[in-house]
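Below is one structure, written out as C-alpha cells; the observations come after it.
The values are calculated or read from the model by the stated rules, or taken from the named source; none is laboratory data. Worth saying up front: this structure is predicted, and the values here are computed from it rather than measured. Methodologically, a virtual Cβ is constructed for each residue, glycine included, from the backbone with ideal geometry; neighbour enumeration extends over all protein chains shown.
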Amino acid sequence: MKVVSFLSYFFAGVFLTNSIPHLVIAVTGRRNRTAFGENSSPVVNLLWSGINVASGSLLVRFTDRREHVNTADSKAWQIPYEVGCLALSVFGVLYAWFTASQELRKVPTTSALPTRDS
C-alpha cells in the first residue's frame, strides 16, 4: 500500500470518528466547539458532523479507486483506518483531561458563600 493511501485511510478514520460526537451533540440539542466557533449551536454541530462524514467517505471511495481495490475482498484499509480512529480517540481523551485540569486550577472570582455584611 502506498503512503498516500495509508494517509487517506488514516484521515478517513479520523473524520468518521470525529463525526460521531458532533452528531450526538446535535441530536441532544447541546452546544459544542466546532471549526466554525467556540460555542456552536446544534445545527452547526450537525453540519460539522455531515462535513466529517462526507470527507471520510470520499477519502475511502477515492483511495479505493486509486488502489483498484474491491472493498468487499480487501482488508488492507482496516489497519490505517483503525489507527486513525484510535488516534482521534486518544487525542479526545488527552484534550478533555488537560482542559478539565485547567478548569480545576482556576481560582473562583466570586464566592457563593454569604458575607457578614448581609
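Values as computed for the structure displayed
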| item | result |
| --- | --- |
| Options Arg66, Arg30; residue that is on the phi < 0 side of the Ramachandran plot, in contact (Cβ under 8 Å) with a residue 12 or more places away in the chain and not in a helix (DSSP H, G or I) | Arg30 |
| Per-region count, the stretch 25-37, residues at pLDDT 80 or above and charged (D, E, K, R) | 2 |
| Looking only at the stretch 22-43, and only at residues there that are more than 19 Å from Leu88 (Cβ to Cβ) and of a type in the set (Gly, Ala, Ser), the one that is surrounded by the fewest Cβ atoms within 10 Å (Cβ to Cβ) | Gly29 |
| Residue in the stretch 65-77 that is at pLDDT below 85, buried (at least 16 other Cβ atoms within 10 Å of the Cβ) and in contact with a Phe, Trp or Tyr (Cβ under 6 Å, 6 or more places away or on another chain) present | yes |
| Condition broken by Ser8, with the remaining ones in (1) farther than 29 Å from Arg66 by Cα; (2) at pLDDT 85 or above; (3) of a type in the set (Ser, Thr, Tyr) satisfied | (1) |
| Residue within the stretch 78-89 that is in a helix (DSSP H, G or I), of a type in the set (Phe, Trp, Tyr) and in contact (Cβ under 8 Å) with a residue 60 or more places away in the chain present | yes |
| Condition met for Glu103 (within 20 Å of the chain's Cα centre (by Cα), loosely packed, with under 12 Cβ neighbours inside 10 Å and at pLDDT below 85) | no |
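Per-residue answers, yes or no, for (1) within 16 Å of the chain's Cα centre (by Cα); (2) closer than 18 Å to Ala96 by Cα:
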residue	(1), (2)
Phe15	yes, no
Ile20	yes, yes
Thr28	no, no
Arg33	yes, yes
Phe36	yes, no
Ser57	yes, no
Phe62	no, no
Glu67	no, no
Trp77	no, no
